[in-house]
1. Just the accessible area per residue of the chain, please: how many Å² with a 1.4 Å probe?
2. What value in Å³ per residue do you get for the convex hull of the alpha-carbon atoms in the range 57-103?
3. Counting only C-alpha contacts under 8 Å and six or more residues apart, can you give the relative contact order of the range 106-180 as a whole percent?
4. So what's the net charge close to MET216: Lys and Arg +1, Asp and Glu -1, counting the other residues with Cβ under 9 Å from its Cβ?
5. Could you state the principal axis extents of the C-alpha atoms in the range 225-348, from the largest down, to the nearest angstrom?
6. Summarise the accessible area of the chain (1.4 Å probe, protein heavy atoms) by the percent that is carbon and sulfur.
7. Hey, which lysines would be in cross-link range of LYS289, C-alpha to C-alpha under 19 Å, not counting anything within fewer than 8 residues on its own chain?
8. Could you work out the mean projected area of the convex hull around the alpha carbons of the range 37-137, in square nanometres to one decimal?
Amino acid sequence: MKQFYIFLTFTALLVSCRTNRNDMRIAEYSGENLTETVSVLRDKETKQAILDIKYDKEWSLFAGRQINLIDMATPVLTGSTSGTYSINVPDSIRSYFFFECDKGTAIIADKHLPMQGGYNFRDMGGYRNKYGKYVKWGKLIRSDELRNLTNGDLEYLASIPVRTVVDFRSGSEISSSPDRMPDTVKDRYELSINPGNLEDIIMKGDITPETLDEAMVNMYRLLVSDSSCIAQYKDFFSLLMDEGGLPLLYHCTAGKDRTGVASALFLLSLGIDRDIVMEDYLLSNRYVKNKYAAYLEQFPVLLPVLEVREQYLEASLDLIEREHGTVDNFLENVLGVELEKIRVIYLY
């Protein structure tokens, strides 16, 4: 199957630095949002990075393996015209970038990780919350299954470096498709979530798109109301509040439902606007499309199960608000999330 460039959605973190530009501590946020101005492409196979810029005045791009290691003395690219430019950074490891032009400055990093053996690998960083703070890059990665990761993929994840893996899949899913993990991983947790009887409905064979859509809505309600599901999400958030286990990667099979609800609750815990949370959730449709394309050609009736829909996540969030008043109440009183603590860990 022909591999296309993965468009890595870059959320620009607007910053201004203190007098010493080599000291990459973030001091304050200023300037314009540059997400429509600059982005990066990475080839899924080679991981070659390419800058895509729409700006016809002088600009500069700096790079480093970590945000605080960005080399501000020597730009990797400079220019004064729009276009696409190859970026001279290692293809085997992840890079972070500092972009500057007269509109402002930005710290940017790959939102969608270029995994040859995976589809839905995304950094949860870069989003701006209601109060002007941003989610830190490189702390939390969501993904689909890890079984087919290549050695190059594992090297890329090790450069982050991923230290903890959380697996939401059932025991049978884990047995049939065991994880491949980078050697930087120190701990792996199986927090199996098995909501409802969706598999039973499919196996009976008497299914329609309407019955499957309804079953998915019911499943999403169970994800935030069934005691066994809640217990696993509670353990997940407990791990998120342990800085010693970061960076952390969490996944299920497609990285869209069990992982999707976990991601939505995480972003909401940080004060990210609900519209942005929904946009992040719906991105799974873009990334898992090729994962299930051949399967859908044979069984098109299963589309409601193999994609995400706004009404699915809304079913979870609406139920939370009906039963607990607010999502924050659910996070604090049911999942045991210390909102102040988690915001200190993941925001700047």
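1. Accessible area per residue, the chain: 44 Å².
2. Expressed per residue, the convex hull around the Cα atoms of the range 57-103 is 80 Å³.
3. Computed value for the range 106-180: 27 percent relative contact order.
4. Computed value for this residue: -2.
5. Per principal axis, max minus min of the Cα coordinates gives 47, 34, 28 Å.
6. Within the chain, the accessible surface is 47 percent carbon and sulfur.
7. The qualifying lysines are LYS2, LYS44, LYS111, LYS256.
8. 6.9 nm²
The values are calculated or read from the model by the stated rules, or taken from the named source; none is laboratory data. Being a predicted model, the structure only gives us computed values, none of them experimental. Note: ideal-geometry Cβ built from the backbone for every residue, glycine included; neighbour counts use all protein chains shown. Ligands, DNA and RNA are stripped out before the accessible areas are found, and what is left, the full protein with its side chains, is counted by its heavy atoms. Shrake-Rupley method; radii C 1.70, N 1.55, O 1.52, S 1.80 Å.
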